[in-house]
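Working notes, structure below.
FYI, it's all coordinate maths here, none of it is from the lab. This one's a predicted model, so the numbers in the text were calculated from it and none came from an experiment. Every residue, glycine among them, receives a Cβ derived from its backbone with ideal geometry; neighbour counts consider all protein chains shown.
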Amino acid sequence: MTATGDVERDVRSDVHGLVQGYVHGYSDREARRLGDQADVLAELLHTGTAYPPGSRVLEVGCGVGAQTVHLAANSPGARLVAVDVSEASLAQARARVAAQVPGADVAWHRADLFDLPFPDAAFDHLFVCFVLEHLPDPRKALTALRRVLRPGGTVTVIEGDHGSAFFHPHSAYAQAAIGGLNRLQSEAGGNGLIGRELQPLLTHAGFHDVTVRPRTVYADGTRPGLVESFTRNTIIAMVASVREDALAAGVSTAADWDRGIADLHRTAAADGTFHYTFFKAEAVSPPLSPRS
Ligand SMILES: C[S@@+](CC[C@H](N)C(=O)[O-])C[C@H]1O[C@@H](n2cnc3c(N)ncnc32)[C@H](O)[C@@H]1O
């Protein structure tokens with residue numbers, strides 16, 4: 001586990017054990033990283049996602065509101081509802097949205113996505129970003145979410161896939177550090193390679209018309225702003241933050257880990273390059289059958 005606090009222990013104890021070990025934790029540093037990540041990726045990930053005025057939209061696992069601000073800005077007039085299991089994250093989300101999108105219509109609920117306090121078919125659209133990767137049973141999660149989506153409504157799911165990280169200069173130490181994060185995430189019940197699985201997951205959860213589009217980030221010295229915000233502040237920060245947990249779990253020696261992180265920073269130098277692919281899936285809740 002990363003540097004965590006009472007909030008995470010709270011979450012682990014009272015959400016049916018479903019967030020068994022949230023690998024990134026709820027530290028201030030992680031909240032900042034989520035904000036940086038959402039802002040640098042906003043155009044890449046949110047393009048094509050805008051909901052009509054009056055539509056009922058549920059954001060699942062909103063965290064500190066890093067995506068909520070973009071949803072609210074891109075869909076003025078939509079009736080947004082945002083849920084998370086972490087009360088502290090919700091408080092930060094509320095403050096972030098109030099500061100960045102004043103007047104946005106967002107209702108906040110502390111809730112477990114497996115047991116949502118909403119009637120069947122309560123929403124026209126669902127938005128789920130960087131949540132499934134932390135859940136032991138993402139198919140069960142999607143099936144549970146389908147209940148609150150009206151027939152014909154849409155779900156948008158966005159996930160990364162750490163297997164898509166490749167870079168120059170190549171480094172086995174750097175790859176091993178990313179592999180170490182994947183192992184920790186797996187041991188916590190999650191899956192850092194989930195992006196490639198979104199199509200079968202949504203299909204098996206009963207959604208129709210599933211489309212998945214890879215959205216790639218490639219950063220090199222010609223785009224120093226992207227190198228700083230994505231390679232350094234999003235990806236390297238994410239891997240580096242699990243150092244203590246990786247060492248405690250015996251995933252790496254301190255020397256190998258530190259070499260891996262140093263080599264990742266090398267990819268952010270003027271002659272380095274970094275590639276990573278996110279997967280954005282969209283699908284539709286099936287219409288009611290004539291007999292239902
Ligand atoms: C990596 S954060 C992503 C937050 C936000 N979607 C974003 O992209 O910035 C994952 C979030 O999912 C929430 N979460 C995990 N399990 C959950 C559950 N069972 N029900 C509701 N929220 C959950 C966590 O509390 C955390 O805030």
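What is the packing order of peptides 154-162, 46-54, 83-91, taking the mean over residues of other C-beta atoms within 10 Å and listing the highest first? Display every interim value, and only then the final one.
On the way: 154-162: 23.3, 46-54: 14.1, 83-91: 19.9.
Top of the packing list down: 154-162, 83-91, 46-54.
Consider a paramagnetic label point 7 Å from the Cα of PHE166 along Cα→Cβ; state which residues of segment 254-289 have an amide N under 16 Å from it.
From segment 254-289, the list is 273-278.
Could you pull out which residues in segment 250-292 have an amide N less than 19 Å from a spot 7 Å beyond the Cα of TYR218, following the Cα-Cβ vector?
Taking a point 7 Å out along Cα→Cβ of TYR218, the residues of segment 250-292 whose backbone N falls under 19 Å are 267-280.
Determine, from the Cβ-Cβ distance of LYS140 and LEU44 and an R0 of 35 Å, the FRET efficiency 1/(1 + (r/R0)^6), rounded to the nearest 0.05.
Details: r = 29 Å, r/R0 = 0.82.
Computed FRET efficiency for LYS140 and LEU44 comes out at 0.75.
As an exercise, take the mean of 1/r over every pair of distinct alpha carbons in segment 177-267, invert it, and state the Kirkwood radius in angstroms. Working shown, then result.
On the way: mean 1/r = 0.0657 Å⁻¹.
Across segment 177-267, the inverse of the average 1/r is 15.2 Å.
Compute the separation of the alpha-carbon centres of segment 244-272 and segment 143-186 and state it in Å as a whole number.
So the two Cα centres are separated by 20 Å.
With a Förster radius of 41 Å, plug the Cβ-Cβ distance of ARG150 and SER186 into 1/(1 + (r/R0)^6) and report the FRET value to the nearest 0.05. Mind dumping the intermediate values first?
On the way: r = 35 Å, r/R0 = 0.84.
Step by step, r from the Cβ atoms, then E = 0.75.
So what does the Cα-only Debye profile of the chain read at q = 0.11, 0.14 Å⁻¹, as log10 I(q)/I(0), no solvent term?
-0.64, -1.04
Compute the angle between helix 28-46 and the longest alpha-carbon principal axis of the chain, please, reported from 0 to 90 degrees and rounded to the nearest 10.
70
How many percent of DSSP beta bridges within the chain run antiparallel, rounded to 5?
50
State, as an integer percentage, the relative contact order of the chain based on alpha-carbon contacts under 8 Å between residues 6 or more apart.
Relative contact order comes out at 21 percent.
Taking Cα pairs under 8 Å and at least six residues apart, what relative contact order does segment 28-105 come out at, in percent?
Result for segment 28-105 is 31 percent.
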